[in-house]
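> Take a look at this one; I'll ask things after.
Read-outs: derived from the displayed coordinates by stated rules, not from any lab. Please read all numbers here as calculations on a predicted model, not as lab measurements. Cβ placement follows ideal geometry from the backbone for every residue including glycine, while neighbour counts extend to all protein chains displayed.
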Amino acid sequence: MCAYRFHCTNGAALVIDRTGQLVENDSELRERATAVALDVLVNYPASALEDWVITIQDEDGRQHGAISFDELLNVACGSGDALAAMRSEVLSYASAGCVQGST
């Protein structure tokens, strides 16, 4: 098991994972990256999905990957249509005042 950190940016905002997560395998690594991406989208709902990138670093600071949110979430959802529906739901939830965006 290895500790990984999942840092995200859209070029304007930077979300740093200060604690990291213990991950057992590549499948769990992908699941954790997807969960982090979804969490960022909830907190930055007005951001363009295609602007966000997540980088994955191990406990020694070596980068093990960088992937755009739209690519990561399309794979996780299985289709662009599922992603569009999820994104629409996040935006409507945020516009109802349920999410406090941070900058």
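> Count the net charge of all other residues whose Cβ sits under 12 Å from the Cβ of A33, scoring Lys and Arg as +1 and Asp and Glu as -1. Intermediate values should be presented prior to the final figure.
Values: positive: R5, R30, R32; negative: D17, D26, E28, E31, D39, E71.
So the environment of A33 carries a net charge of -3.
> Pull out a ≥ b ≥ c, the square roots of the eigenvalues of the alpha-carbon gyration tensor of the stretch 1-62, then state rounded if a/c is under 1.5, prolate if not and a/b is larger than b/c, and oblate in the remaining case. Can you show the working numbers first?
On the way: a/c = 2.45, a/b = 1.75, b/c = 1.40.
Prolate, since a/c reaches 1.5 and a/b exceeds b/c.
> Can you give me the distance in nm between label points at C2 and R18, each placed 7 Å from the Cα along the Cα-to-Cβ direction?
Output for this residue pair reads 2.5 nm.
> Sticking with this one: For a footprinting-style exposure proxy, rank Y4, Y44 by other Cβ within 10 Å, fewest first. Don't skip to the end; give the middle numbers.
Working: Y4 19, Y44 23.
Ranking Y4, Y44 by Cβ neighbours within 10 Å, fewest first, gives Y4, Y44.
> A follow-up question, please. With the crude spin-label approximation of a point 7 Å out along Cα→Cβ, what separation in nm comes out for E71 versus A35?
Here the modelled spin labels are 2.3 nm apart.
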